[in-house]
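Undergrad: Take this structure first; my questions come after.
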Amino acid sequence: MKSVIIAFLLTAFQLLSLTSLSAQDSTLVVLPEYKNKLLFLPAIGSSPETGFLFGAVVVPQFKIGAAGPETRSSSVFTSAIYTVKNQILFSVLPDIVLPGESWTLNGNYFVNYFPESYWGVGPSSSETDEVTSLYTQVNLEQNLLRQIEPGFFVGPQVRLSKLYNVSFEDSDGERIAPPDVSGAGGSTTAGIGWITRWDRRNSNMMPTRNHFVQFTIMGNPDWLGSTESYTLYELDARKYLELSGNSRTVLAMQSLVTLHSGNPPFNDLATMGGDRINRGYYSGRYRDQNAAQIQAELRQHAIGRFGFTVFAANGEVWNRFEHFSLDNYKWTAGAGLRFNINKDDPTNVRIDFGISKESTGFYLQFGEAF
């Protein structure tokens, strides 16, 4: 019964967040000609997962061919990062929008050597359970979505991910026996799935109005090459409200529900924390088969290129629906500063500080959290 109530509440949140479609959708606005731009930035940042990091980020922002104001800009986020925790991260994240938004292509390609903290599985893991997991991961992920109605996209997604050289260490840096979890000895994930997306945001990089709703189903069967067979179901719903009518004050809301059937590797379980949602918890501080999370953020332009935000989030993880309990929810809250690095196509660098019941998190990142 609790699972039905929670599902109802999550659905109600999503419906309420989508009820107010801005009248600006039907207003003709004459915009200046779009100027392609290449952003090259030193990568200097921080998060609880990485500590201090440095490297380089290259982000071309552009429109393809004769794309006009009806087409949002494309970008390819490329980064090479090294951290004080001896982590190495190289990633390429293409976000391509064809003229008229007839097709969109989103990818996630990365190679990481990423020692990170691991507390086990479940909503009640203790701080004393912390060990370090070390692994190298190669991830190749791509979708291809066709617009079949204005703002409505559907299409396939494929993913190939390899986790290898996996080991675990205690707090003294001594190697220990791996925990009894799927993927502790390494894993291969080969998946194919389907995405249904309703996207009316006015910008991919810094949306200020309308909404984004995406449902993803991703199968990872053993006959396709996966070492563990499982299926991912994920619903991501976001709403952006212009409270001031001129994008100076924006209320952004998100609900994210991640469910698994089967036996996913430990690094593919649903997680809480990180620089995107429930900021203030270490990414993966809590992980399990399923997670439900909500967050809200008030974004305020201050002066010139500067702005600030306040945010709060709530969520929990669980194994089976009969184990779901409101007693296990985790909350976070925080505030941040924003600096717009591209006045022609607004894109923020953000500094966020989040707090939780157990920890705090400082984040210096490129782009909004959601």
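The values are calculated or read from the model by the stated rules, or taken from the named source; none is laboratory data. Since this is a predicted model, take the numbers as computed values, not measurements. No Cβ is skipped: glycine too gets one built from the backbone with ideal geometry, and neighbour counts run over all protein chains shown.
Undergrad: Test of understanding: among 60, 94, which residue is surrounded by fewer than 18 Cβ atoms within 10 Å (Cβ to Cβ), out of contact with any Phe, Trp or Tyr (no Cβ under 6 Å at 6 or more places or on another chain) and closer than 22 Å to residue 152 by Cβ?
TA: Just a single option satisfies the conditions, and that option is 94.
Undergrad: Could you tell me which numbered condition residue 358 fails, if it satisfies all but one of (1) surrounded by fewer than 16 Cβ atoms within 10 Å (Cβ to Cβ); (2) at positive phi?
TA: Only one criterion in (1) surrounded by fewer than 16 Cβ atoms within 10 Å (Cβ to Cβ); (2) at positive phi is unmet by residue 358, namely (2).
Undergrad: Report every pair of residues separated by at least 6 positions or lying on different chains whose Cβ atoms are under 6 Å apart, first residue within segment 145-162 and at pLDDT 95 or above, second of a type in the set (Gly, Ala, Ser) and part of a strand (DSSP E or B).
TA: What qualifies is 145/155; 146/155; 157/193; 159/191; 160/190.
Undergrad: Checking the condition under 17 Å from residue 354 (Cα atoms) and not hydroxyl-bearing (Ser, Thr, Tyr), which residue from 291, 252, 237, 270 passes?
TA: 252
Undergrad: Quick check on residue 273: is it of a type outside the set (A, V, I, L, M), within 29 Å of residue 58 (Cβ to Cβ), crowded, with 21+ Cβ neighbours inside 10 Å and at pLDDT below 95?
TA: yes
Undergrad: Conditions: (1) crowded, with 16+ Cβ neighbours inside 10 Å; (2) within 27 Å of residue 323 (Cα to Cα); (3) touching a residue at least 40 places away in the same chain (Cβ under 8 Å). Residue 219 meets all but one. Number of the miss?
TA: Going through (1) crowded, with 16+ Cβ neighbours inside 10 Å; (2) within 27 Å of residue 323 (Cα to Cα); (3) touching a residue at least 40 places away in the same chain (Cβ under 8 Å) one by one, residue 219 breaks only (3).
Undergrad: While we're on this one: Please count how many residues of segment 310-355 are of a type in the set (Val, Ile, Thr) and over 18 Å from the mean Cα position of the chain (by Cα).
TA: The total comes to 3.
Undergrad: Are there any pairs with C-beta distances below 9 angstrom linking a residue in segment 320-348 that is of a type in the set (D, E, K, R) to a residue that is modelled with pLDDT under 85, with the two at least 6 apart or on different chains, and if so which?
TA: From segment 320-348, the pairs are 322/2; 322/3; 344/32.
Undergrad: How many residues does segment 133-166 hold that are in contact with a Leu (Cβ under 9 Å, 6 or more places away or on another chain), β-branched (Val, Ile, Thr) and surrounded by fewer than 19 Cβ atoms within 10 Å (Cβ to Cβ)?
TA: Qualifying residue count, segment 133-166: 4.
Undergrad: Give me the pairs, please: first residue somewhere in segment 225-244 and under 20 Å from residue 193 (Cβ atoms) and without any contact (Cβ under 8 Å) to a residue 24 or more places away in the chain, second residue anywhere and buried (at least 18 other Cβ atoms within 10 Å of the Cβ) and charged (D, E, K, R), beta-carbon distance under 6 Å, and either six or more positions apart or on two chains.
TA: Correct list of pairs: empty, since none qualify.
Undergrad: Take residue 45 and decide whether it is loosely packed, with under 15 Cβ neighbours inside 10 Å and at pLDDT below 95.
TA: no
Undergrad: I'm checking my understanding of the structure. Among residues of segment 85-133 that are among the β-branched types (Val, Ile, Thr) and more than 17 Å from residue 269 (Cβ to Cβ), which one is nearest to the chain's Cα centre (by Cα)?
TA: 92
Undergrad: Please tell me if residue 71 is surrounded by 14 or more Cβ atoms within 10 Å (Cβ to Cβ), under 18 Å from residue 110 (Cα atoms) and polar (S, T, N, Q).
TA: no
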